[in-house]
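Beneath this line is the structure, given in structure tokens, with notes to follow.
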Amino acid sequence: MKFKFYTRPNCSLCEEAELMLKLVAEDHPIEWQTINIEEDEAIHEKYMLMIPVLEQNGEVIKYGNIGYIDILEIIK
């Protein structure tokens, strides 16, 4: 399962969410592309109040506080 993971530097929620992705990836076949919203003005405008954001097939799956259980529920 593949995701786009929208984040930005110095975002503690983003760091926590990425750690949860890494923990889930230890036991489940998931991949993600990390996208820094500060590198694209349109993406920044779209997600600046939502990050971190997990997106799949162009649809926002989860945003804000993303925990281990949240990710497991998405992939099952």
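Add -39500 (n - 2.57) for each DSSP H run of 4 or more in the chain, then divide by its residues: what number comes out at 222 nm, to the nearest 500 deg cm²/dmol?
Details: 3 runs with 29 residues, N = 76.
After summing the helix terms and dividing by the residues of the chain, the value is -11000 deg cm²/dmol.
I need the shape label for segment 1-41. Rule: rounded when a/c is under 1.5, else prolate if a/b > b/c, else oblate, with a, b, c from the alpha carbon gyration tensor. Provide the component values of the computation, followed by the final result.
On the way: a/c = 4.47, a/b = 1.60, b/c = 2.80.
Because a/c hits 1.5 or more and a/b fails to exceed b/c, segment 1-41 counts as oblate.
Grab the other residues whose beta carbon is less than 11 angstrom from that of Ala17, score K and R as +1, D and E as -1, and report the net.
Numbers: positive: Lys22, Lys62; negative: Glu15, Glu16, Glu18, Asp70.
For residues surrounding Ala17, the net value is -2.
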Full-extension gain in nm, Met1 to Glu41, via 0.36 nm per residue minus C-alpha separation = 11.7 nm
Interchain or sequence-distant (5+) residues whose placed amide H lies within less than 5 Å of the amide H of Trp32 are Phe3
Considering the values (1) 46, 34, 23; (2) 51, 23, 17; (3) 35, 25, 16, which represents Cα extents along the principal axes in Å as calculated for the structure under consideration?
-> (3)
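Which whole-number percentage describes the relative contact order of the chain, with Cα contacts under 8 Å and a sequence gap of 6 or more?
Values: 110 pairs, mean separation 31.8, N = 76.
Dividing the mean separation by the residue count of the chain yields 42 percent.
Send over a whole-number figure in Å² for the accessible area per residue of the chain, probe 1.4 Å.
Numbers: 4920 Å² over 76 residues.
With the other protein chains kept in place, the chain gives 65 Å² per residue.
The values are calculated or read from the model by the stated rules, or taken from the named source; none is laboratory data. Quantities reported herein were computed from a predicted structural model and do not represent experimental measurements. We place every Cβ from the backbone using ideal geometry, glycine too, and count neighbours over all the protein chains shown. For the accessible areas, the whole protein counts, side chains as well, though only heavy atoms, and no ligand, DNA or RNA atoms are used. Shrake-Rupley method; radii C 1.70, N 1.55, O 1.52, S 1.80 Å.
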